[in-house]
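Notes follow once the structure below has been shown.
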Amino acid sequence: MSDTGTTSVNRLAGPMLELADATPVFDESGMPPTPLTLRLMPGECVIVETRDMTRATVFADLCSGMIHLLKGNVRFMGLDWTELNDRRRNALRGRIGRITRRAIWSNLFGTHVAMMLKQLHHTTIPLETVTTDTEHLCERFGLPGIPTDVPGRLSEADIVRAACVRAFLGKPQLLLLEDPLETSPVDLSQPFLESLTEARDRGASAIWFVRDPTVWQRYRQAINGQWRLADDGLMTIRMR
Amino acid sequence: MAANEIVDPTEQNDASLRQKLLQVVVPVLGVLLILVAIGGIGLHTYRTTRTGVLQLTHRLLQSVQRYVVQDVTAYMGAATLGGSFAQDFISHAPAAFTQGAFYSYGATMLRLVPQIQSYYLGDANGNFLLVERDPAGKGLEYTQLKTVGGHKIFHHDFRGTDGKIIRSEENDAENYDPRTRPWYANTIEKKSFAWTSPTIYATTKQLIVTGSVPLVGTDGIQRVFAINISLNQLSQFLDSLKISENGNAMILDSHGRIIAGHGFEQIVARAGGDPSRMTLDPATEGTFRRVYDQYRVRGAGSHPFQYDGRNYIGMAQDLPGSDSWVLLIVAPENDFASFARQSGREGLQFSVVIIVLASLLAGLLARQSRRTERVTRELRHERDQTNSESAALRQIAETPGILDPKDEALVLTEAMARVGGVQRAALWRLVHDGTALICEDSFDTRQTAHAGGFEISRHEMEDFFKIVDAGVPVTVTHAGSDERTAPFERLVMRDAVTQSLIVHPIRGTVGGRSEILGMITLENANFAPHLVYFLDIIAGIAAIRFGAMGTTGTTGNEASGSDTLPASPTALPEPRFDESLMQPPVAAGEIGKGLFPSVAVMVITFTDPVMEAEDEGSAVLPLIDRIAGEVQAIARRYELFSVKVAGHRLICVAGCTKDADPTAIWRLAEAALVLRETCMMLLSQANIEPIFSIGMDFGPAMGGELGNDPKSFNLWGETVTLAELMAQGAPDVGTIEVTERVYQALRDHYLFRSRGSFYAPRSGIGRVYVLATRR
């Protein structure tokens, strides 16, 4: 499997993701215009607790440079989203793996298209390689192959599995993970944590948005920081 | 991954292109704009100057024209005004003094007015008087027509400047009668001043024109007074006019005959002295002909025209006081506008000088910008390099157990590869008293993969080991063509298709003395010389690690190189060749070898239960044993062909017959349901989460007994693979996932839930079902 057992040399010297007084536009995001500051180094994983997963989705959008800012800036891999043109911005988003609670699946195509589209769109990796990588991740997350039915015909558990495969496919540099474990009808913690650890070993950073603090307790030792996202901004929590 | 990205978001091409545009294109564009501006200004100036010059020329020519008209009028005025004066002067003189008055007037006028050739006076009685210049001297010649003996003669008196008669001559008049001459007849007929057509004056062979007035003397006799004016003088006058470098003037009469003008003598010669043939020749006087034609059509005035590809200014003007003569002036436009062109040309030359200077400055500016950009880029590169080095050093420093030889220090090769821009970086350790080098770790940046453990011996590449022994860093650009490194290239580098090689020694202290412990190799390195310090740091760390390895002797690689294996603490049991929970029923005659057309395969995968305490591992052993027993019982009950256990997997097979067995899948499905129920019950009794999932497939498979004493039956093929895949990909624990073939075979008897279509690289797209229960 080309996904495993290797260590990327493309490590960054600086932070992977940096929010410097990033103040979102309220009308656009619904987030209060309070400055957000966060610094995520390569290989780090932080927990962001939030009661409202919609807010987590918007925050992940903010990290992906999809929300305009009143002031401050958001830099991913040292690049300020606002300083890039559309072409480079889109390409940079190809380096982000996301699991989102927002319904993102389209029933126009099979699930396999939605899972592999990012890789096929952003890279020149041969279809065979992408398929092999996808199939391996599918196996890891408990799918008997790459699902080809439209997402609407998949069970809820398989959709969660497909979302995980989609997020971890293609060695993303940043993982914005809205917790799939809490809502999953099946226990995916083992492959999820395996994939997360593997990505971090490779140098990727991760933000794991959780609502229930119990879901990440097994992974507690490997967490670099804990934050709480609320109306009054992003607050750090002293880890006990 | 970055290498495969279609768009690299970190690249700076756009900015670079923009910078290049600003640095090169803008100055060039600026120069071009200056060029266009200067050209435009030059053209505009040239046109303005030309227009002004032409206007000025026009006015100048008009002045010249007026001047010529005035001069010609004055020239001819000698005839017209003189005629009027003579008319009054002679007609009022008494008849006896008529002759004297004529001679006095004529003599005076001839002395004063050079263009006057002669004066005539004829009367109705046939008398004729003539006064003209003496062709042989400075005096005057007075001629009178006399009748001597009924024969007409001309009596000539030649007088000096003092008026005294120098000599007299007579010659035959040949019946000359002034009354028959045109100058007399025309005047009498017109009864006023009249011009006679130009004629060649017999005495001087000059073209003259005669103006004459009628007068009646006090004696009542009709007389005609005539003045001959030389046109050669007029031509000389016109020739002397400097209109322009190539400009000329010409006077034509009302019939288009040339009266005077430039090259008059040639015109006269061309016409053979016949004034009636002295017309404009299109070959030599084409421009005048064009002006004359325009004059005839459009009248007097200025007529610019183009002739033979050149621009001309033509003017035509009626001459007052003449016999409807017309003055033509022709001048090439270039005579006047040439200086404007010259000025424009010089302006252009100056502009070219300015452009060259501007281009030079623009080039210098662009060059300076490029140089600044290059320096900035180098600075940025160095900053990135410094950051990279710092990050690499920090990473090495933060790596726990970096000096502990028991821990793998993969970060060392990674750091070297990243900092040095190397395709492959490797750490080698000298072993066996320096007779071999063993690769502790090798990192390939293209494959982002570590490797290691391979060994090269001294006798294979003696020269290469000498490099290592020398302890001096060596750089080889083409390792394949260098004798020292060629064997290394062949054995190690050729796989990675690398060319250049840097060998850096690892020097350490063993037993209190310094010696070479190994080497660092960098393949296809883009290594800056100042980074040697970084290699020294890595070499230092590696030396400590290698030194520790030498003392403890704990490396797996070296241990593996030893000839003897460590003795086992207890004697191992005999190898078990057969892990079957149930032997195939050989006696039933079912068994065979080769392809079985319809084999039903069930794979049950177990995952490790969550253990809270270490000693619980042995506690679950009875449970597992009990499950195994239950499996054996179920297998016997449903007459399964074989049941095998392999690690976490349990493989149950039915239907290994040469002919298709339709009940095999049914029996296996029943067994699966019962097995699931049994396992669920047993696990729940032990308070363990269901930790198994079941997969089934049905189809052809290869199989047969393998080995000797004992023979072991094995089955393989797509059916087995798919059954395993189903078990691994089961949606939840305790579920039975089956392929479409199983569903097709059993759907009438069992309830299935579709999980959807899935693609597997080896078997394509297939539907997957979950077996729920019996109908």
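The values are calculated or read from the model by the stated rules, or taken from the named source; none is laboratory data. Model, not experiment: these values are computed from the prediction. Quick reminder, even Gly has a Cβ in these numbers, built from the backbone with ideal geometry, and neighbours come from all protein chains shown.
Listed here are the residues, each with its yes/no results for (1) assigned to a loop (DSSP other than H, G, I, E, B); (2) closer than 29 Å to residue B:384 by Cα; (3) within 14 Å of chain B (Cβ to nearest Cβ).
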residue	(1), (2), (3)
A:39	no, yes, no
A:42	yes, yes, yes
A:54	no, no, no
A:62	no, yes, no
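Of the helices (runs of 4 or more DSSP H) lying entirely inside region B:599-691, those carrying at least 1 residues that are under 27 Å from residue B:742 (Cβ atoms) are B:621-637, B:663-685. Within region A:72-79, identify whether any single residue is within 14 Å of chain B (Cβ to nearest Cβ) and either among the polar types (S, T, N, Q) or part of a loop (DSSP other than H, G, I, E, B) (or both), and answer yes or no. Yes: one or more hits.
Condition first: part of a helix (DSSP H, G or I) and not small (Gly, Ala, Ser). Can you find one or more residues in region B:443-462 that meet it? Checked against the condition, which is being part of a helix (DSSP H, G or I) and not small (Gly, Ala, Ser), region B:443-462 yields at least one hit.
Looking across region A:83-106, the residues that are away from chain B (no Cβ under 13 Å) and surrounded by fewer than 17 Cβ atoms within 10 Å (Cβ to Cβ) come down to A:102, A:103, A:104, A:106. Residue check: residue B:220 meets all listed conditions (1) closer than 30 Å to residue B:187 by Cα; (2) of a type outside the set (Ser, Thr, Tyr); (3) in contact (Cβ under 8 Å) with a residue 40 or more places away in the chain but one, namely (3). Within region B:167-209, the set of residues being over 24 Å from residue B:230 (Cβ atoms) and assigned to a strand (DSSP E or B) comprises B:167, B:168, B:170, B:172. For region A:138-169, taking the residues that are aliphatic (A, V, I, L, M) and outside any helix (DSSP H, G or I), the one that is farthest from the other protein chains (Cβ to nearest Cβ) is identified as A:169.
Out of the residues in region A:170-200 that are over 21 Å from residue A:64 (Cα atoms) and in a loop (DSSP other than H, G, I, E, B), which is farthest from the other protein chains (Cβ to nearest Cβ)? So the residue we want is A:182. Beta carbons closer than 8 Å, at least 6 apart along the sequence or on distinct chains, pair a first residue in region A:81-101 that is in contact (Cβ under 8 Å) with a residue 24 or more places away in the chain and under 19 Å from residue A:40 (Cβ atoms) with a second that is among the basic types (Lys, Arg) and buried (at least 19 other Cβ atoms within 10 Å of the Cβ) for A:94/A:118; A:97/A:166; A:99/A:166. Listed conditions (1) farther than 20 Å from residue B:745 by Cα; (2) away from every other protein chain (no Cβ under 14 Å); (3) assigned to a loop (DSSP other than H, G, I, E, B) are all met by residue B:714, apart from (3). Considered as a group, the residues in region B:720-742 that are buried (at least 21 other Cβ atoms within 10 Å of the Cβ), modelled with pLDDT of 85 or more and more than 16 Å from residue B:671 (Cα to Cα) include one that is farthest from the other protein chains (Cβ to nearest Cβ), and that residue is B:720. The residue list B:768, B:738, B:720 contains one member that is in contact with a Pro (Cβ under 7 Å, 6 or more places away or on another chain) and aliphatic (A, V, I, L, M), which is B:768.
Of the numbered conditions (1) at the interface with chain B (Cβ under 10 Å from one of its Cβ atoms); (2) modelled with pLDDT of 90 or more, residue A:115 fails exactly one; give the number of that condition. So residue A:115 meets the others, but not (1). Could you tell me which residue of region B:367-396 is farthest from the chain's Cα centre (by Cα), considering only residues that are more than 24 Å from residue A:15 (Cα to Cα) and free of Cβ contacts under 8 Å to residues at least 60 places away in the same chain? Out of the qualifying residues, it is B:375. Contact map, region B:334-355: first residue assigned to a helix (DSSP H, G or I), second residue modelled with pLDDT under 75, Cβ cut-off under 8 Å, separation 6 or more or different chains; pairs are B:334/B:341.
So which residues in region B:408-449 are within 14 Å of chain A (Cβ to nearest Cβ) and of a type in the set (A, V, I, L, M, F, W, C), if there are any at all? The answer is B:409, B:410, B:411, B:412, B:415, B:416, B:417, B:419, B:422, B:425, B:443, B:449.
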